[in-house]
1. Condition test on Ala158, is it at pLDDT 80 or above and loosely packed, with under 15 Cβ neighbours inside 10 Å?
2. Taking into account only those residues within the range 177-192 that are open to solvent by 100 Å² or more (accessible area, probe 1.4 Å) and outside any helix (DSSP H, G or I), which is nearest to Ser255 (Cα to Cα)?
3. Being in a helix (DSSP H, G or I), modelled with pLDDT under 80 and surrounded by 18 or more Cβ atoms within 10 Å (Cβ to Cβ): is that true of Val126 here?
4. Which pairs turn up if I take residues in the range 224-242 that are modelled with pLDDT of 90 or more and look for partners that are surrounded by fewer than 15 Cβ atoms within 10 Å (Cβ to Cβ) and not in a loop (DSSP other than H, G, I, E, B) with beta carbon separation below 8 Å, at least 6 apart in sequence or on another chain?
5. Filter the range 53-70 down to residues that are surrounded by 20 or more Cβ atoms within 10 Å (Cβ to Cβ) and either modelled with pLDDT under 90 or not in a helix (DSSP H, G or I) (or both), then give me how many there are.
6. Which of the residues that make up the range 73-107 are open to solvent by 80 Å² or more (accessible area, probe 1.4 Å) and either modelled with pLDDT under 80 or over 20 Å from the mean Cα position of the chain (by Cα) (or both)?
7. Going residue by residue through the range 236-244, is there one that turns out to be open to solvent by less than 50 Å² (accessible area, probe 1.4 Å) and in contact with a strand residue (DSSP E or B) (Cβ under 7 Å, 6 or more places away or on another chain)?
8. Sort out which residues of the range 277-298 are over 14 Å from Asp179 (Cβ atoms) and open to solvent by 10 Å² or more (accessible area, probe 1.4 Å), and write them in order of number.
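The values are calculated or read from the model by the stated rules, or taken from the named source; none is laboratory data. It should be emphasised that the depicted structure is a prediction, and the values quoted were computed from it without experimental measurement. Heads up, the Cβs are rebuilt from the backbone with ideal geometry, glycines too, and the neighbour counts pull from every protein chain shown. Surface areas here come from the heavy atoms of the whole protein model, side chains and all, with no ligands, DNA or RNA. Shrake-Rupley method; radii C 1.70, N 1.55, O 1.52, S 1.80 Å.
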Amino acid sequence: MGAEKKKPSSLATRFAVGIPFGTLCVGLLVFGDFSLLILVMAITMFSLREWWRLTGLESTWKPISRFRLIDIGCLFILWYTWAVPDSDKLHIVGIVLVIIFIVNLLDKNASKKTILEDMGKMTLGVVYIAGFLSFIMQLRALEDIYWAEGLLSVKQSAQWTANMHYLPMFAFLASLGYDTSAYFSGKFFGRHQLAPNISPRKSVMGLIGGMFGAAFCVWMYSNMIGMDSIIPVWELILFGAIGGAVSQVGDLTMSAVKREAHLKDSGHILLAHGGMLDRIDGFLFTVPVTYLFFLIAL
């Protein structure tokens with residue numbers, strides 16, 4: 001009998017999927033415009049599929065259903081935030097919420113089922129996924145305003161060009177820096193569980209190490225582009241640490257949802273990384289915090 005073919009390790013698969021996906025996200029965060037919108041829309045659709053499944057609202061794809069209307073509403077929120085960056089977004093979210101109420105009323109009228117829990121899950125999905133991801137576009141729009149008002153400048157070099165966007169990378173690096181540092185510090189030094197009833201593998205040392213790692217990544221990036229000449233270094237480091245901690249909150253939130261759904265992963269679209277929500281749960285929470293930080297700091 002021939003030798004059994006050796007399967008690639010989980011770590012190798014994670015690198016094989018994570019590096020191209022991460023590179024694509026970074027490239028579009030920095031250089032993308034309409035292409036970034038398409039990426040965010042695609043991530044939103046995959047994430048919503050997983051959310052409907054996790055919350056028990058839908059287990060299979062149905063081309064015509066109440067969920068398709070909500071999906072379209074979420075895409076409209078993202079498009080509107082990209083196309084009209086300086087407008088109020090609350091009325092757009094309100095329109096989507098009205099759609100949620102209408103489709104649930106129609107469904108109740110047809111099946112006489114209770115709707116309060118379903119409306120809550122749908123509303124939370126819209127705000128949690130489309131609402132939080134829309135801050136990527138809002139962060140880009142805020143940066144454009146700061147450039148126009150002369151409040152922002154970066155080091156002029158071959159690496160930093162005028163058509164780049166810099167602020168969204170702070171959210172990405174805070175989340176990535178936290179995840180990487182928390183993994184290794186928790187693996188080697190973790191002794192005390194952080195939230196045993198939600199995610200037993202998370203440790204207090206993982207949290208502390210992750211916050212240090214996020215702060216370090218933010219500081220390094222700030223120094224590279226010259227942001228530390230505009231915003232005090234201590235503010236940037238504090239933001240990095242808080243952004244990392246918020247990323248952990250996002251991770252624990254998704255862990256709690258998956259535990260309640262009795263599922264290990266939100267999906268399998270990213271293979272060894274699990275589902276889309278498994279990969280972006282911390283980032284979802286970090287983006288609004290990044291927007292708020294630069295809104296205040298600059």
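1. So Ala158 fails the test.
2. Applying the filter and picking the extreme gives His192.
3. no
4. Going by the 8 Å Cβ cut-off, the qualifying pairs are Ile231/Ala297; Glu235/Ala297; Phe239/Ala297.
5. Quick first cut of the range 53-70, residues surrounded by 20 or more Cβ atoms within 10 Å (Cβ to Cβ) only: 54, 70.
Subset that is either modelled with pLDDT under 90 or not in a helix (DSSP H, G or I) (or both): 70.
Count: 1.
6. Answer for the range 73-107, where residues must be open to solvent by 80 Å² or more (accessible area, probe 1.4 Å) and either modelled with pLDDT under 80 or over 20 Å from the mean Cα position of the chain (by Cα) (or both): Asp86, Asp88, Leu90, His91, Ile95, Phe101, Ile102, Leu105, Leu106.
7. Step one: of the range 236-244, the residues open to solvent by less than 50 Å² (accessible area, probe 1.4 Å) are 236, 239-241, 243-244.
From what is left, the residues that are in contact with a strand residue (DSSP E or B) (Cβ under 7 Å, 6 or more places away or on another chain) are none.
Scanning the range 236-244 turns up no residue that is open to solvent by less than 50 Å² (accessible area, probe 1.4 Å) and in contact with a strand residue (DSSP E or B) (Cβ under 7 Å, 6 or more places away or on another chain).
8. Pro288, Val289, Tyr291, Leu292, Phe293, Leu295, Ile296, Ala297, Leu298, listed by residue number.
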